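J.: This is the structure I have questions about; it appears just below.
Every number here is computed from the coordinates shown, using simple stated rules; none is lab data. Here the structure is a predicted model, which is why all the values come from computation and not from measurement. Methodologically, a virtual Cβ is constructed for each residue, glycine included, from the backbone with ideal geometry; neighbour enumeration extends over all protein chains shown.
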Amino acid sequence: MKELLHKGMKSAKSALLAGSSAGGVATTIYCDRFRSYFPSTSTVKCFSDGAYFFLPRNHSEENTFLLMFKGLVKLHKSRSVLPKSCTKRLSAELCFFPPNLEDIKTPMFFLMSAFDRVQILYTLSIDLAGCVPAKNCTTSNQIEASRELESELLTVLPKQNKGYLITAPFAHTQADQSSWNTFPAAQTNETLAGLFGDWYFGRKSVQIIDKNPGPYQCPS
């Protein structure tokens, strides 16, 4: 980052910090810090794809996300780089979950499937989550467990100066897929890329949720 700033990026009129999956988590954590590198006259925004992970209310202490984030804090001493607005009220490992970083001031956009593969695999039991990679969720228990996660996701979405697109495929990241430029978002005739562009360039606010009752790409 310092090298890019030295080469002229610090004079940019606009800048976008973007990341997918783990990179999307990092983008969320560092969004405000990234903004601080630019003049107040610059337009700076952040974009997270497939990374709006959350900890369910009835989570197990063996939750994969929780164990992984605790490991990062212990191994890398990550507390010092996490937003202080979060660590002053929550344990450091909880500050890797984007819903706990609601104090981000820089405009940010989240693209996330309500049936995100990683969220499901890291949250549900192996028996319930095993159908996800093979796209063969066929039992009512498997579908219902996924839908319960979807319902909980909708309760922790950002509420202020954030944009979001909540889609409904069994998918993880989406901005790197062909559907980014071809698949119409729910209740619209616009592509995911088009809606993100509308938000980024300030043409309109975008907070869209796909109301599909079940995940796409899942046999009945």
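J.: With an 8 Å cut-off on Cα pairs and a minimum separation of 6 or more residues, tell me the relative contact order of segment 1-125 in percent.
T.: Computed value for segment 1-125: 30 percent relative contact order.
J.: Which residues make up the longest stretch of the chain clear of trypsin sites (Lys or Arg not before Pro) that lie in a DSSP loop with no more than 11 other Cβ atoms within 10 Å, not counting the sites?
T.: On the way: sites that count: Lys7, Lys13, Arg57, Lys77, Lys88, Arg89, Lys105, Lys159, Arg203, Lys204, Lys211.
Here the longest run is 106-158.
J.: Which distance in nm do the two modelled labels at Tyr122 and Thr182 give, with both placed 7 Å along the Cα-to-Cβ direction?
T.: Taking the simple label geometry, Tyr122 and Thr182 are separated by 2.9 nm.
J.: Another question about this same structure. When the chain is treated as a GNM, springs tying every alpha-carbon pair under 10 Å, which of Asn58, Asn181, Asn161 comes out with the largest mean-square fluctuation?
T.: In this elastic network of the chain, the residue with the biggest mean-square fluctuation among Asn58, Asn181, Asn161 is Asn58.
J.: Got the relative contact order for the chain handy, in percent, Cα pairs under 8 Å and 6 or more residues apart? The partial results should precede the final answer.
T.: Values: 343 pairs, mean separation 42.2, N = 220.
Worked out over the chain, it gives 19 percent.
J.: Tell me the GluC sites (Glu not before Pro) within segment 1-78 that lie in a loop according to DSSP and have at most 11 other beta-carbon atoms within 10 Å.
T.: On the way: sites: Glu3, Glu61, Glu62; in loops: Glu61, Glu62.
Passing both the DSSP loop test and the Cβ count: Glu61, Glu62.
J.: Still on this structure: List, in the order given, every pair from Lys45/Lys159; Lys2/Lys162; Lys13/Lys159 whose Cα-Cα distance in the structure shown is over 20 Å.
T.: Working: Lys45/Lys159 17 Å; Lys2/Lys162 27 Å; Lys13/Lys159 27 Å.
As for pairs spanning more than 20 Å Cα to Cα, those are Lys2/Lys162; Lys13/Lys159.
J.: So what J values fall out for segment 180-191 if you push phi through Karplus, 6.51 cos²θ - 1.76 cosθ + 1.60 with θ = phi - 60°, rounded to Hz, Gly and Pro as x?
T.: 4, 9, 10, 8, x, 6, 4, 6, 9, 10, 9, 6
J.: When semi-axes √(5λ) of the Cα gyration tensor in Å is calculated directly from the model, which label among (1) 25, 21, 16; (2) 32, 20, 16; (3) 29, 23, 14 fits?
T.: Read-out from the structure maps to (3).
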